[in-house]
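Comments concern the structure below.
The values are calculated or read from the model by the stated rules, or taken from the named source; none is laboratory data. Only a predicted model underlies this, so the values are computations on that prediction, with no experimental measurement involved. Cβ sites come from the backbone with ideal geometry, for glycine too, and all protein chains shown count toward neighbours.
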Amino acid sequence: MSTRDTLCTEDEIRQMVHLFYDRIRQDDQLGPIFNHHIHDWDTHLQRMVDFWSSMLRGTGTYEGTPMPKHIALPGLTAQLFGHWLDLFHSTLATLPNRAMAEKAETFAERIARSLWYGYQLHNAPNAPLREVARA
C-alpha cells in the first residue's frame with residue numbers, strides 16, 4: 001500500500017486545512033496579511049487542500065509555485081513565519097490522526113524555512129540569513 005492509501009483521507013486533509021485557515025483568518029498578526037491578499041477564500045482553500053493532498057497522499061493535484069507569491073509580500077519577518085508555524089503546529093495537535101499530523105509538521109518546518117530563506121534572499125540579498133523565529 002502507498003502513502004496515498006494509508007496515511008490519511010482527503011477529508012482529513014480538508015479538515016486540517018479549513019481548521020488552520022479559520023484560525024489564520026482570526027489571528028491578530030496573520031489575519032490582516034492573509035485577509036488583505038486573499039480575495040477568493042474558496043479557491044485558496046481548495047488550492048491548499050490540493051497542496052497538502054499532494055504532499056501527504058502523493059496525489060499530484062497541486063500545481064503552482066508558491067515562492068513568487070510569498071517573496072512579493074511586503075514586511076514579512078522571521079517572527080511572522082515562526083508564528084505561522086506555531087499556529088500550524090497547534091492546529092495539528094487537535095487532530096486525531098497523529099501520523100498525518102507528524103508528517104505534516106515535518107513538511108511545514110521545511111516549507112516555512114524554505115519560504116523564509118527565499119524571501120530573505122529576494123528582499124535582502126546581502127544580509128545574513130536568519131532562521132525562522134519560533135515562540
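For Asp27, indicate whether it is within 12 Å of the chain's Cα centre (by Cα) and either surrounded by 13 or more Cβ atoms within 10 Å (Cβ to Cβ) or among the charged types (D, E, K, R) (or both).
On the way: within 12 Å of the chain's Cα centre (by Cα): no; either surrounded by 13 or more Cβ atoms within 10 Å (Cβ to Cβ) or among the charged types (D, E, K, R) (or both): yes.
Judged against the criteria, Asp27 is not a match.
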key: Those residues of the stretch 11-47 which are more than 19 Å from Leu76 (Cα to Cα), touching a Leu at 6+ places or on another chain (Cβ under 9 Å) and among the polar types (S, T, N, Q), in sequence order   = Gln15
ask   = Can you tell me which residues in the stretch 79-131 are surrounded by fewer than 17 Cβ atoms within 10 Å (Cβ to Cβ), of a type in the set (D, E, K, R) and closer than 27 Å to Gln15 by Cβ?
value = Asp86, Arg98, Glu102, Glu105, Glu109, Arg110, Arg113
message = Testing Arg130 on (1) over 16 Å from the mean Cα position of the chain (by Cα); (2) closer than 19 Å to Leu19 by Cα, one condition comes back false. Which one is that?
response = (2)
request  = Could you tell me which of the residues Ile71, Ile33 is modelled with pLDDT under 95 and surrounded by 15 or more Cβ atoms within 10 Å (Cβ to Cβ)?
outcome  = Ile71
message = Go through (1) in a helix (DSSP H, G or I); (2) under 21 Å from Cys8 (Cα atoms) for His70 and report which single condition fails.
response = (2)
task = Please verify whether the stretch 61-69 includes one or more residues that are farther than 21 Å from Ala99 by Cα and charged (D, E, K, R).
result = yes
